1. How do Leu206, Leu79, Leu231 stack up against each other in accessible area, from largest to smallest, with a 1.4 angstrom probe?
2. Taking R0 as 30 Å, what's the FRET efficiency between Glu170 and Tyr12 from their Cβ-Cβ distance, rounded to 0.05?
3. What do you get for GluC sites (Glu not before Pro) in region 27-131 restricted to DSSP loop and a cutoff of at most 15 other Cβ within 10 Å of the site's Cβ?
4. Please report the accessible area of His40 (heavy atoms, 1.4 Å probe, ligands and nucleic acids excluded) in Å², nearest 10.
5. If you project the alpha carbons of region 1-128 onto the principal axes, what extent comes out on each, in Å, largest first?
6. In square nanometres and to one decimal, what's the mean projected area of the convex hull around the Cα atoms of region 5-44?
7. Which entries of Lys32/Lys117; Lys104/Lys150; Lys117/Lys199; Lys117/Lys144; Lys16/Lys204 have Cα-Cα distances beyond 31 Å here?
8. With only alpha-carbon atoms in the gyration tensor, what are the semi-axes of the equivalent ellipsoid for region 108-194, in Å, largest first?
Amino acid sequence: MRLDKLLANMGYGSRKEIKKICRTGMVTVDGKPVKDSSMHVDPEVQVVEIEGERVIYREFVYLMMNKPDGVISATEDMLEETVVDLLDEYYYNFEVFPVGRLDKDTEGLLVLTNDGKLAHELLSPKKHVPKRYYAQVRGVVTEKDGEAFKRGVVLDDGYHTMPAQLTILESGDVSEIELVIYEGKYHQVKRMFEAVGKKVVYLKRLAMGELELDPELEPGEYRELTEEELLLLRPSAAVKDVE
């Protein structure tokens, strides 16, 4: 990796700024001053320091966010606030992106990373990674709806969904439910309830695979995944078969 790219990724400035820093002799590689910021280094083997402080290189970052209502799942937008806008500037250097999308008015678990391979595994239609949601639904949700979801329902565009697991928490004029789905079609949860004559009025994602939303995170808050949570997320990407 180029030295200037390494240092830029770690937040030490733009490549132009790093070029100037290198010219001052403040940057060393294996103890020797390096004035050419374009030289290639191996951060896993070589020791890179700025003014005697070692640069600890990180290739990937993994974040868990409790996405708030009113923010879009995108890296940038000219008009709307995005989930990336909520992050500290430190993470801008890693060029993180949301893994999948939550609707603008949907809250809950959203993973952000710059690990494209993991994102692909989690989003691949062939993997069928389970996603669990909590929803408030206008209309009395019944076991009949649960049976329909278990068979799969036909959406407004004619698509027949995969089987899903519906758990009724409270049934009434506004019912409360949890739903586990294994695919990620556009507005899928909302459209599934529309298919049985009901309307979702509040939606929150609780889990993706084995990774569950930290209940301590308020809407708009985020933190890095722990090693244990990352291990939970990786096996879930390998799920292939659904009953």
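1. My answer, sorted largest first, is Leu79, Leu231, Leu206.
2. The calculated FRET efficiency here is 0.05.
3. Within region 27-131, the qualifying GluC sites (Glu not before Pro) (loop, at most 15 other Cβ atoms within 10 Å) are Glu44, Glu51, Glu59, Glu76, Glu80, Glu81, Glu95.
4. 130 Å²
5. 52, 34, 20
6. In nm², the orientation-averaged hull projection of region 5-44 is 2.7.
7. Beyond 31 Å: Lys32/Lys117; Lys117/Lys199; Lys117/Lys144; Lys16/Lys204.
8. In descending order, the three semi-axes are 26, 15, 11 Å.
The values are calculated or read from the model by the stated rules, or taken from the named source; none is laboratory data. Note that the coordinates shown come from a computational prediction; the quantities given were computed from them, not determined experimentally. Every residue, glycine as well, gets a Cβ built from its backbone with ideal geometry; the counts of neighbours run over all protein chains shown. What goes into the accessible areas is simple: the full protein's heavy atoms, side chains included, and nothing from ligands, DNA or RNA. Shrake-Rupley method; radii C 1.70, N 1.55, O 1.52, S 1.80 Å.
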